[in-house]
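The structure appears below as structure tokens.
The values are calculated or read from the model by the stated rules, or taken from the named source; none is laboratory data. None of the values given here were measured: they were computed from a predicted structure. Neighbour counts run over all protein chains shown; Cβ positions are idealised from the backbone, glycine included. Side chains are part of the model used for accessible areas, which takes the heavy atoms of the whole protein and leaves out ligands, DNA and RNA. Shrake-Rupley method; radii C 1.70, N 1.55, O 1.52, S 1.80 Å.
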Amino acid sequence: MEDEVMKELHEIRANIVSEHSHDNQKLDAFFESLRFSGFTYGIPGRTFKTEEELDEYIEERNRAYERRKAQKFASDGHEST
């Protein structure tokens, strides 16, 4: 499910970039217009100053989940590949 959400997010971002002719100044102005005073990126219990910080946090959580899943699989008596 998360992969599908991330795929859709990246498609939306690509569309926004295309709509603004890949002009970084237009893109910066567009994204700035979406923010309000004191804006932060966040998920319940955490806030991040940049979108990149949020993305890194999500990616690390996904890696940790995959590690736990692999450990459980191995502890259930399955061989790792």
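I need the full set of residues from the range 18-30 which are open to solvent by less than 80 Å² (accessible area, probe 1.4 Å) and either of a type in the set (D, E, K, R) or under 29 Å from residue 65 (Cβ atoms) (or both), in order please.
If the condition is that a residue be open to solvent by less than 80 Å² (accessible area, probe 1.4 Å) and either of a type in the set (D, E, K, R) or under 29 Å from residue 65 (Cβ atoms) (or both), then 23 is the only one that fits.
Search the range 52-81 for residues being hydroxyl-bearing (Ser, Thr, Tyr) and surrounded by 10 or more Cβ atoms within 10 Å (Cβ to Cβ), and hand back the single one that is modelled with the lowest pLDDT.
57
So which residues in the range 4-27 are not in a helix (DSSP H, G or I) and not polar (S, T, N, Q), if there are any at all?
Hits for the range 4-27 are 20, 22, 23.
Quick check: anything in the range 40-51 of a type in the set (Gly, Ala, Ser) and modelled with pLDDT under 75?
Yes, because at least one residue in the range 40-51 is of a type in the set (Gly, Ala, Ser) and modelled with pLDDT under 75.
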